[in-house]
1. Mind jotting down the distance between the C-alpha centroids of the stretch 111-127 and the stretch 177-232, whole Å?
2. Straight distance only, please: which aspartates and glutamates reach the Cα of Lys46 with their own Cα at less than 14 Å, same-chain residues fewer than 8 apart left out?
3. Given N residues in the stretch 151-275, what is its alpha carbon radius of gyration divided by 2.2 N^0.38 Å?
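What follows draws every value from the coordinates through simple rules; no lab data is involved. Predicted, not measured: the structure shown is a model, and the values here were computed from it.
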Amino acid sequence: MNVTLGVNNLFSTLKGDDIKSVPNNMTFKEITREDYIAIALEYKSKNINNKVIYYFNKALEVTVLTFGMENAKTANSYLSLAEAYLEDNSISEALLCYSEALQIRKNLFGTASLECSEIYSALGDIFFLENNLEEALKYCLKSLEIRNNILGEFHPLIAMSSHQLAYYYASLTEYEKALPLFEKALEIRVELYGSSHSLTADSYTHLAMCHYHLFNHSEASKYLSLALQINKKIYVKNDRKILICQENLSEINKHLSQNKKDLLNTFFNFFRKKF
């Protein structure tokens, strides 16, 4: 069944300034899910979240009427709505939409599909934001496991999931677990994007942070220096990323200098005792 809404229904839906947000290439002969999505995206570009949620809801209604619940487009509509709720900090509503989308994708593609891994990853981030780290780790591990089983060794989604999981472990101060995952993400990103990409810089930064907390100050300094070099190529001189990198590098190098002083003092104290 192909569901479209006529011009009268459209004007009953759009009010006041809403009409101004209708894309110029949209005709008023009929309104489809794609039209509602276009209006939602227009509001998204303006950061008007309540309108984004409203029109993604309208798109979902039309999608369900047109294609039914067990359809990939319906799952995608739920995902768009979930992201809109999340942007609005409406966590419970976002979780409900993600849950609906996940159930549809499980039915269509199977629980161990890449389509489901996308939602597992998103759920991991939500639970992390809610400080439910046990659930965050569960979903992130599930997402990474699926992606490892299906995708090649060097794939951007593997890098993303590895970095995501490493970040969760680091937040739990489990730096020994985080370190190899940050290293894996970096290896993939250097292979895929080269050594002058923002994602590579991000991996260097987090790897430096991990080494710093493991008291490997020389390694921390090395990786943060590499991140700073990349950021200087990408961003303007006083960009926040550059300033933070410089500040943190200065702090790390202070520790590195102190470590050298302590080592020299130990060395001289040893010889004083000997002679």
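1. Measuring centre to centre over Cα atoms gives 25 Å.
2. Asp17, Asp18, Glu87, Asp88
3. Numbers: Rg = 17.3 Å, N = 125, 2.2 N^0.38 = 13.8 Å.
Taking the Cα Rg and dividing by 2.2 N^0.38 Å, one obtains 1.25.
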